[in-house]
Amino acid sequence: MLLYPNAKINIGLFVTGKRPDGFHNLETVFYPVPLRDVLEIKPVPKENVPYLFQTVGYDIAGKPEDNLVIKIYEDMKAEFDLPPLDIYLQKHIPMGAGLGGGSSDAAFMMRALNEEFHLNLTDDELARRVAKYGADCAFFIHNRPAYATGIGDRLAPLKLSLKGWHIVLVKPYIFISTKEAYSGVTPQPAPCHLPEVVMQDVSVWKELISNDFEDSVFPKYPSIAAIKKTLYDMGAVYASMSGSGSTVFGLFRHDCEEAARVFHDCYVFRQKLLV
């Protein structure tokens with residue numbers, strides 16, 4: 001079985017409070033974008049092998065057994081007595097980018113196991129199960145625009161469409177850990193109600209929608225702030241850091257062909273949004 005786990009962007013992100021469990025409450029809008037990894041599962045050709053795992057593309061930090069794809073496989077193998085698998089993961093979504101690549105891989109792995117082995121788990125059940133592996137994992141089960149609250153795990157679908165807009169993702173070769181990003185944020189109430197504002201024309205977003213992490217990340221990494229400014233200078237109608245960074249995205253009314261040249265020292269992805 002072959003699947004293509006996609007990335008997401010955050011449209012707005014407000015850190016609204018510190019929780020007793022040490023995590024933070026937030027408000028954001030998740031939107032799927034067509035930057036995709038490749039995930040394949042198939043039977044193991046050899047006997048007496050628990051699983052095979054091959055990764056190509058972007059390097060993945062940590063041990064293979066710590067990868068969420070393997071954690072989910074091992075947990076579901078124990079519960080449902082699944083057979084050994086040959087697992088192949090090609091990484092196109094950069095790590096530490098605020099694009100949810102690891103969470104997407106996890107969700108798509110759980111969906112693949114459900115379909116391949118006819119486990120008959122509903123989407124709601126899959127979302128509940130995968131949420132324990134990461135706050136935004138559940139989003140990728142339904143994989144449609146959603147208003148997220150709590151730690152990003154409480155999702156309400158939105159009838160938001162950016163079809164026809166051109167998106168540019170710019171990822172500098174800077175890694176920002178979630179812990180580092182949160183360390184510079186002071187929680188405060190959201191300045192607007194995101195579900196209402198995102199339904200307005202994109203042209204008004206610049207003045208109304210922000211990402212709280214930019215206030216702490218930009219002073220420490222001025223090159224990321226410069227990417228956002230450059231996207232606006234190039235004609236973006238809206239630009240923002242996604243999640244806790246370090247990717248910055250821009251929404252354009254036209255194809256931004258010069259992006260690769262202007263951001264030659266960064267990873268750049270651009271595409272017209274079809275949904």
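The values are calculated or read from the model by the stated rules, or taken from the named source; none is laboratory data. From a predicted model like this one, the values you see are computed outputs, not experimental measurements. Here the Cβ is made from the backbone with ideal geometry for all residues, glycine too, and neighbour counts use every protein chain on show. Accessible surface areas use protein heavy atoms only, side chains included; no ligands, DNA or RNA. Shrake-Rupley method; radii C 1.70, N 1.55, O 1.52, S 1.80 Å.
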- Note on the structure: Reported to the nearest 10 Å², residue 223 has, with a 1.4 Å probe, an accessible area equal to 60
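Taking 4 °C and 1.567 mPa s as the conditions, I'd like the Stokes-Einstein D for the chain in µm²/s, using the Kirkwood hydrodynamic radius from alpha carbon pairs. Please list the in-between numbers first.
Values: Rh = 19.4 Å.
Stokes-Einstein gives a translational diffusion coefficient of 67 µm²/s.
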- Note on the structure: Between residue 118 and residue 4, the FRET efficiency computed from the C-beta separation at R0 = 22 Å comes out, to the nearest 0.05, as 0.55
- So for the pair residue 78, residue 177, with labels modelled 7 Å out along Cα→Cβ, what separation do we get in nm? 2.6
- Kirkwood Rh, angstrom, region 1-108 [1 / mean 1/r, Cα pairs]: 15.6
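Give the value in nm², to one decimal: projected area of the alpha carbon convex hull of region 158-262, averaged over all directions. Walk me through the intermediate numbers first.
Values: hull surface 28.6 nm².
Over all viewing directions, region 158-262 projects a mean Cα-hull area of 7.1 nm².
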- Separation of the residue 165 and residue 265 label points, Cα + 7 Å toward Cβ, nm: 2.9
- With N set to the residue count of region 94-174, report its C-alpha Rg divided by 2.2 N^0.38 Å to two decimal places. 1.21
- So for the pair residue 234, residue 71, with labels modelled 7 Å out along Cα→Cβ, what separation do we get in nm? 3.4
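What does the extension gain come out to for residue 275 and residue 16, with contour length at 0.36 nm per residue minus their alpha carbon separation?
90.2 nm
Take every DSSP beta bridge with both residues inside region 1-145 and express the antiparallel ones as a percent of the total, to the nearest 5. Could you put the intermediate results ahead of the total?
On the way: 19 of 26 bridges.
Percent antiparallel among DSSP bridges in region 1-145 is about 75.
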- Note on the structure: For region 37-167 the translational diffusion coefficient, Stokes-Einstein from a Kirkwood Rh over Cα pairs at 37 °C and viscosity 0.692 mPa s, in µm²/s, is roughly 208
- Task: Roll a 1.4 Å probe over the protein chains and send me the accessible area per residue for the chain in Å².
- Result: 47
- Query: Can you list the aspartates and glutamates whose alpha carbon sits under 12 Å from that of residue 71, skipping same-chain ones fewer than 8 residues off?
  - Reply: 105
- Query: Cα-based count: Lys pairs in region 143-275 below 13 Å, eight or more positions apart or different chains?
  - Reply: 4
- Item | Diffusion coefficient, µm² s⁻¹, Stokes-Einstein with Kirkwood Rh over alpha-carbon pairs of region 112-217 at 25 °C and 0.890 mPa s | 147
- Give me the percent of the accessible area of the chain that comes from carbon and sulfur atoms, probe 1.4 Å, all protein chains in place. 51
